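The structure appears right after this line, and notes come after that.
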Amino acid sequence: MNKGDKVSVLDDAISGVVTAVNGNEITLLTADGFEINYSKEELIVIDGSISKKELARMDYSSIITDKENKKPGKTKRIKPKERNLPPMEVDLHINQLLPKTKGLNNYEILNIQVDTAKRQLDFAISKRIQKVVFIHGVGEGVLRTELAYLFNRYDNVKFYDADYQKYGRGATEVYIYQSKNT
């Protein structure tokens, strides 16, 4: 770079004219009238030519950012089982299952709820859905007990209380083990 060359700062929006060259230190006069000192590696000539010899001697390491310098690494493959898929939800509250409950006794209501749970669990198994949350409510625990009895009859499921923050104590989550040949 020579006195009078128009230059631009590589990693800043500053440009100007070279007023002094002192070894590796270049003094730049900006358009606003400020004189700022930069090292030769921080500047590039924008008007005028750089000889091929100078271009070959330039140290480009300061130009290349870490992002460009990094080699793309292997990304870890997330297996479908490891993804946190939202579970299928089945609300077993009777007002969600039937439009009217007038004339039904508690035994009939309980049977409708358990039959719905069995149908939905069989559906989830057939469609290879791994997690199902059965929302049963807190109540006296009769439906919860019946659901535990139902789930224990299946070999390929385990069940436990669902996420307390989301459902409170009124839900049971069922995990369905998928067999490879079905």
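Coordinate-derived values only; no laboratory data. Because the structure is predicted, anything quoted here is derived from the model rather than measured. Note: ideal-geometry Cβ built from the backbone for every residue, glycine included; neighbour counts use all protein chains shown.
Would you check which residues across the stretch 115-129 are more than 14 Å from T172 (Cβ to Cβ) and surrounded by 19 or more Cβ atoms within 10 Å (Cβ to Cβ) and list them? Listed by number, the list holds a single entry, I125.
Restricting attention to the stretch 116-174, the residues that are out of contact with any helix residue (DSSP H, G or I) (no Cβ under 8 Å at 6 or more places or on another chain), touching a residue at least 40 places away in the same chain (Cβ under 8 Å) and among the aromatic types (F, W, Y) add up to 0. Looking across the stretch 15-29, the residues that are among the hydrophobic types (A, V, I, L, M, F, W, C) and farther than 11 Å from L43 by Cβ come down to V17, A20, L29. Please go through the stretch 147-172 and give me each residue that is assigned to a helix (DSSP H, G or I) and of a type in the set (F, W, Y), ordered by number. Residues satisfying the conditions are Y149, F151, Y164, Y167.
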